[in-house]
1. Suppose we filter segment B:134-147 for residues that are without any contact (Cβ under 8 Å) to a residue 40 or more places away in the chain and over 19 Å from the mean Cα position of the chain (by Cα); how many remain?
2. Taking segment B:146-162 as the search range and keeping residues that are aromatic (Phe, Trp, Tyr) and closer than 14 Å to B:VAL243 by Cα, which one is surrounded by the most Cβ atoms within 10 Å (Cβ to Cβ)?
3. So, of the residues in segment B:90-101 that are facing another protein chain (nearest Cβ under 9 Å) and of a type outside the set (S, T, N, Q), which turns out to be surrounded by the most Cβ atoms within 10 Å (Cβ to Cβ)?
4. Going residue by residue through segment A:67-78, is there one that turns out to be in a loop (DSSP other than H, G, I, E, B) and either surrounded by fewer than 10 Cβ atoms within 10 Å (Cβ to Cβ) or more than 14 Å from chain B (Cβ to nearest Cβ) (or both)?
5. In segment B:36-81, what residues are within 14 Å of another protein chain (Cβ to nearest Cβ), hydroxyl-bearing (Ser, Thr, Tyr) and not in a helix (DSSP H, G or I)?
6. Which ones in segment B:106-139 are farther than 25 Å from B:SER250 by Cα and of a type in the set (D, E, K, R)?
7. Pick from A:GLY106, A:GLY64, A:GLY114, A:GLY127: which is modelled with pLDDT of 90 or more and either within 27 Å of B:HIS102 (Cα to Cα) or surrounded by fewer than 13 Cβ atoms within 10 Å (Cβ to Cβ) (or both)?
8. Exactly one condition in (1) crowded, with 21+ Cβ neighbours inside 10 Å; (2) in contact with a Phe, Trp or Tyr (Cβ under 8 Å, 6 or more places away or on another chain); (3) part of a helix (DSSP H, G or I) is false for B:VAL204; which is it?
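The values are calculated or read from the model by the stated rules, or taken from the named source; none is laboratory data. Quick caveat: nothing in here was measured; it's all calculated off a predicted structure. Virtual Cβ from ideal backbone geometry, glycine too; neighbours counted across all protein chains shown.
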Amino acid sequence: MMGLLCGIIVYYLRKERLELKYTLLWLLALLIVLIVVIFPQLINTVAALVGVYNPVNLVFYVQGVFVVIILLSMTAIVSGLNRRIRRLAQEVAILEERLRQAEGLGLKASASRGVQEQTVPLNSAAGKAAQ
Amino acid sequence: MTNKKRLKLRYAHCADSTGKGIGSMQKVLVIIPAYNEGKNIGNVVTQLRSACPDYDYIIMNDCSKDGTEQICRENGFHYVSLPINLGIGGNVQTGYRYAKKHGYDIAVQLDGDGQHDPSQLKSLITLIENGQAHMVIGSRFIRREGFQSSFLRRVGIRFFEKLIRLLCRQTIADATSGFRACSRDLIDFFAEDYAQDYPEPEAVISAIRAGFKVTEVPVVMKERKTGVSSISSLKSIYYMIKVSLAMLISAIKPWKRR
């Protein structure tokens, strides 16, 4: 089961479908599982240490905590992405408006001068709009 | 208060470089947020142009599905069209970013549904021009004239009033009003950081807590002509919870967030 999960993560990382940054938590979880698999006695020791009656309950508990942490980090990541996308959309919208204005000015300028080529007046208009 | 001083210092050089003295004509931008307001937007712009020909305006089209953009283009209105729907918060913030980029001194929000009367813009702007406030909100509930909203909504607005008084020790009677004017400092502040989803009351709190002076002036509002409000009856519970929470959160945020 854990081998499968490990395989999937490595596969995704190789295919660049997951960014390493976002898989660190998963890899940490896998590392803990790996340690426990190699030293199964560890669970009993830790359970006795924190006073958990049944060592399996400790496994479930830690599992639950990890899932919650990973979900929370996902929500934080989504919020960050949301903010970035919003910023981008706002910039795109403002630039689109500016481009529209510049093109309008450029067309007018070239029409009044009777110039067929639009690139030069377009640029100058954009330069004016930039100031 | 130190924040305010810092802002003044920060903009001192701007005032010099543009060569604007106190009392000279200030550049005013009217931000008109619009989502599916194709039926109203023409009237709003026409009224605005006849009432205040000196002010620039910009329609913020929040990716409307009813051809609002096409109407704007065909009529030659000034508009910014978002490529994706951001909701009223992100939409209005785009307006503030636009105002900042183009160096406006004052930005006024005017709803695209015709609720707000453009001829009353002047009373909002005067206070900012005189430097008496950073933000002026047009309030329905000072003189209690015109459209007063439904009973339940008034209860909700009264609740926000109490909450703001609790958090900011200041009375804002109509924090949900989208009819508001902002000074250059506040434009700069909102361009970087503006509340999302249902932003009006939250924006008021964050402005007050950042040290800006917020006041209200009485206005008369009309009932919207066509189209639907962004807050339907089903969403109103979510609205109340979200806004109250957001206000509480903005209250526990550190006072200076730059």
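1. The qualifying residues number 1.
2. B:PHE160
3. That would be B:GLY90.
4. The initial filter retains those residues of segment A:67-78 that are in a loop (DSSP other than H, G, I, E, B), namely none.
Within segment A:67-78, none of the residues are in a loop (DSSP other than H, G, I, E, B) and either surrounded by fewer than 10 Cβ atoms within 10 Å (Cβ to Cβ) or more than 14 Å from chain B (Cβ to nearest Cβ) (or both).
5. Correct list: B:TYR57, B:SER64, B:TYR79, B:SER81.
6. Looking only at segment B:106-139, we keep the residues that are farther than 25 Å from B:SER250 by Cα, and these are B:112-127, B:129-131.
Across segment B:106-139, the qualifying residues are B:ASP113, B:ASP117, B:LYS122, B:GLU129.
7. Details: A:GLY106 fails: modelled with pLDDT of 90 or more; A:GLY114 fails: modelled with pLDDT of 90 or more; A:GLY127 fails: modelled with pLDDT of 90 or more.
Answer to the check: A:GLY64.
8. (2)
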